[in-house]
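The values are calculated or read from the model by the stated rules, or taken from the named source; none is laboratory data. Keep in mind that this is a model prediction, so the values were computed, not measured. Neighbour counts are summed over all protein chains in view; Cβ atoms, including those assigned to glycine, are modelled from backbone coordinates with ideal geometry. Heavy atoms of the whole protein, side chains included, go into the accessibility calculation; ligands, DNA and RNA do not. Shrake-Rupley method; radii C 1.70, N 1.55, O 1.52, S 1.80 Å.
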Amino acid sequence: MAHAHSVLNFQSFAARTLSADDIRLVESAVSQFGAPLLMLDCEIIRQQYRALNNALPNVTLHFALKPLPHPVVVRTLLEEGASFDLATSGEVELAAQEGVPAERTIHTHPIKRDADIRDALAYGCSVFVVDNLNELAKFKPYKDEVELLVRLSFRNAEAFADLSKKFGCSPEQALAIIETAQAWNIRIKGLSFHVGSQTIQPQKYVDAIQTCKTVMEEVVARGLPALSTLDIGGGFPVNYTRQVMPIEQFCEPINDALNELPETVQVLAEPGRFIVAQAVMSVASVMGQAEREGQMWYYLDDGIYGSFSGLMFDDAQYPLVTLKQGGDLLPSVLAGPTCDSIDVIAEDIMLPQLENGDLIVGCMMGAYTSATATDFNFFKRAQTIVLNEDAFSEDSMNQERLIG
Ligand SMILES: *Cc1c(COP(=O)(O)O)cnc(C)c1O
């Protein structure tokens, strides 16, 4: 199928308008594959990876698979030279299957079963994360094969997900873990943290980096082996309905804080959302409609239990666009297909009068969307259509592939 422009212009997503080319692309994809769809554009994955890489020039980026564990995303980032952050044996399997060299991976789940450790080691991943002594003890049998990061906790009430409530330890506990590891002959490589997903303020990273620097100095003061690595986690923000700082500006104070660390310290990050959120558009179609209490209710073939699961699990507000434009706007509700009443995507929004079969596009639908979707009520998950899988060039720009 040939398209004039298969690159979805993400600048226009934020403005909640689609170009004529985008509309043509969406309509032809639905006519070929049906709805609901998720349209994954590899070119945006590349652009986002390069943007963050440029904004954090001395940091090795390990893409966290969790927000969008799709083989095409892994393949695209592998070609870009990315490293990877794995957290489960399923993610290890996906990385292995896509030929990711194990030395480009770290395993960052703070709580693991012995089988999880063995699966990662069998693949060749040897860097793991701990945040307590119970977990540290699990590495006694593997002490000659592993290097560990100790995860610190920094609470963040403003983030979409405060990832320091469930995981991470205090600086004092970190020092106790490092001393015990020394006694048990387990190598501690460094420190890690996650300031929270969709963190709006770079100061959160700056504060965490400064605390980690203090811990690193205390490690040396106590005569323990110096730490070689700092992992500053994920959390880098993207534009949903609210504008965030451009990434170069966001990373400036972070780079300044990193420059205060000893030169021997290698820095890693684990971005997830920032790489993938913008790269996916969802397309749902109207299955039916009713007028209820002065509002038009439109029932779509995708909802909260499907691609819009992030409305429940992630706090995200996705920009929504109707392909139909013009005419009178009426107060409307967009609901999902299941028989459950919580399955509502948007209420009290002004939309033109829609026909059954009309299409609704969701923007910024790449992170924590399909990854947390269910098959509730036997509504099948949206199919993913992959755009621009081959690196961008004159010859390859119009290719498109069905993944299923
Ligand atoms: C979820 C997660 C990430 C990715 O976080 P984003 O906010 O999506 O960038 C990175 N590291 C760990 C340990 C995670 O749990």
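Things to note:
- Checking residue 294 against (1) under 30 Å from residue 343 (Cβ atoms); (2) of a type outside the set (Val, Ile, Thr); (3) in contact with a Leu (Cβ under 7 Å, 6 or more places away or on another chain); (4) away from the ligand (no atom under 16 Å from the Cβ), the condition it does not meet: (3)
- Note on segment 248-284: residues that are surrounded by fewer than 22 Cβ atoms within 10 Å (Cβ to Cβ) and among the hydroxyl-bearing types (Ser, Thr, Tyr) amount to 1.
- Residues that are over 14 Å from residue 205 (Cα atoms) and in a helix (DSSP H, G or I), drawn from segment 244-263: 248
The rows are residues; the columns are (1) within 15 Å of the ligand (Cβ to nearest atom); (2) open to solvent by 10 Å² or more (accessible area, probe 1.4 Å).
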position: 31; (1), (2): no, yes
position: 40; (1), (2): no, no
position: 43; (1), (2): no, yes
position: 82; (1), (2): yes, no
position: 121; (1), (2): no, yes
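- Total residues in segment 95-114 satisfying the condition of being within 15 Å of the ligand (Cβ to nearest atom) and touching a His at 6+ places or on another chain (Cβ under 9 Å): the figure is 3.
- Tally of residues being at pLDDT below 95 and away from the ligand (no atom under 16 Å from the Cβ) across segment 220-241: 1
- Note on segment 111-219: enclosed strands (runs of 3 or more DSSP E) holding 3 or more residues that are under 30 Å from residue 245 (Cβ atoms) and either at pLDDT 95 or above or assigned by TED's automatic domain parsing to the domain that holds residue 96 (or both) are 147-151, 187-192.
- Identity of the residue in segment 255-280, within 16 Å of the ligand (Cβ to nearest atom) and small (Gly, Ala, Ser), that ends up nearest to residue 54 (Cα to Cα): 269
- Checklist (1) among the aliphatic types (A, V, I, L, M); (2) more than 14 Å from the ligand (Cβ to nearest atom); (3) open to solvent by 10 Å² or more (accessible area, probe 1.4 Å) applied to residue 244, failing item: (2)
- Odd one out for residue 324 among (1) of a type in the set (D, E, K, R); (2) surrounded by 13 or more Cβ atoms within 10 Å (Cβ to Cβ); (3) modelled with pLDDT of 95 or more: (3)
- Scanning segment 128-155 for residues that are out of contact with any strand residue (DSSP E or B) (no Cβ under 9 Å at 6 or more places or on another chain) and either closer than 13 Å to residue 211 by Cβ or within 14 Å of the ligand (Cβ to nearest atom) (or both) turns up 154, 155.
- Qualifying residue in segment 47-66 (condition: closer than 29 Å to residue 302 by Cβ and more than 16 Å from the ligand (Cβ to nearest atom)): yes
- Here residue 162 fulfils each of the conditions (1) more than 12 Å from the ligand (Cβ to nearest atom); (2) surrounded by fewer than 22 Cβ atoms within 10 Å (Cβ to Cβ) apart from (1).
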